[in-house]
Amino acid sequence: MIQFIIILLLSLSALAVEVTFQAPPYNLPDRNFQNQKESMVLSEMPPLRKQGNAGHCFAFSTASAIDHFLCSKKISYFDFADLCVKKLPIVSSLHLTSLSAGNSDQAIVEGGFSNGILLTIGQADPYLILETCAPYENYLEYLARYSDKKQGNESLFQTVKRIYNGQLERRYSCGEEFARTLSHFTSNLDFDQIIAFSKDATFEQMLYATIIPKKCHGSDKRVDVFKELGFDIKQSSQFFQNFKIDYEYFYKTVKEQIAGDTPLIINFFVGASTSNKDQVHSALITGIKKVCNDKQQCQTLFKIQNSYGDWWQSQYSDGWVLADPLIERSVYINLPLLWIKKRY
């Protein structure tokens, strides 16, 4: 586990050089590329999770990957057959949002990185709460109902963080004001509990207590995934040869995992350049194929499952987009690819 923490810290280091991207992240193949040469997709797709207007793509890509792992690996002490057959979410993406909060000061939470979540599982809390107990819809209801409490497009996570930091800056002199504001976001804590939290709790404890319903802490509402769940990674440096992007190795890595019926989490820049470090997205790769034209010129496509929702999947040919622009935007993140696997 220590080696993973070291790798994580390396992944957050500043990029040595700024890179400007020539193509947008999502591109459809040219129309004359219709001849399909190769195609590999997961035998069963995880359910499409939809993040709404909240910026927590990292939680959705990770939750979908864990769901797929729980369904496809048939772990003996989990019985989610009914949810798997109906393609319903299993683990709570809302819980994953709060799990990763411990790394928030290192700026991996609101940037699309899933590494922090996977590192956190098994350290502070080895349990994952079920989606049926802590549905993400509750979070979106908070956003809609209390939009006047937010500044601009900030998420509930950012709002609670701002309130909490503001309270710290006032050295706890305005505990009641803090409690009144935060009480809009939770039914878990009464007024006095919030005031107590403002003095004693870490931000991570505050976030967890605020957005995860009390009933979810029972043993029948959570699963101990740490006994079986592990993950693997590819570092940015592995995708360069002689200072050039090694596209073929990236394709090979994706093919190997898809062949093993394993989706990959891909982190990539969506801004104009690597200087926009807060404009990073996280999604799942669930397939790969090659299409060619009559001149036998070929393009490689990834099948992306994007938490932007149904509209995105429809607009981009059910998620089949050109691989190379995504690779180019991914390899400048130190941990561009990771996937769930059995721990032992």
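Tabulated results
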| quantity | calculated |
| --- | --- |
| Residue order, fewest to most surrounding Cβ atoms within 10 angstrom, among F21, F243, F268, F250 | F243, F21, F268, F250 |
| For L264, distant residues with modelled amide H under 5 Å away | I285 |
| Vicinal HN-Hα couplings computed from phi for the range 309-316 (Karplus, 6.51 cos²θ - 1.76 cosθ + 1.60; Hz; Gly/Pro x) | x, 4, 4, 5, 4, 5, 5, 10 |
| Likely footprinting exposure, V321, V41, fewest C-beta neighbours within 10 Å first | V41, V321 |
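Coordinate-derived values only; no laboratory data. If you're wondering where the values come from, they're calculated on a predicted model, not measured in any experiment. Every residue, glycine as well, gets a Cβ built from its backbone with ideal geometry; the counts of neighbours run over all protein chains shown.
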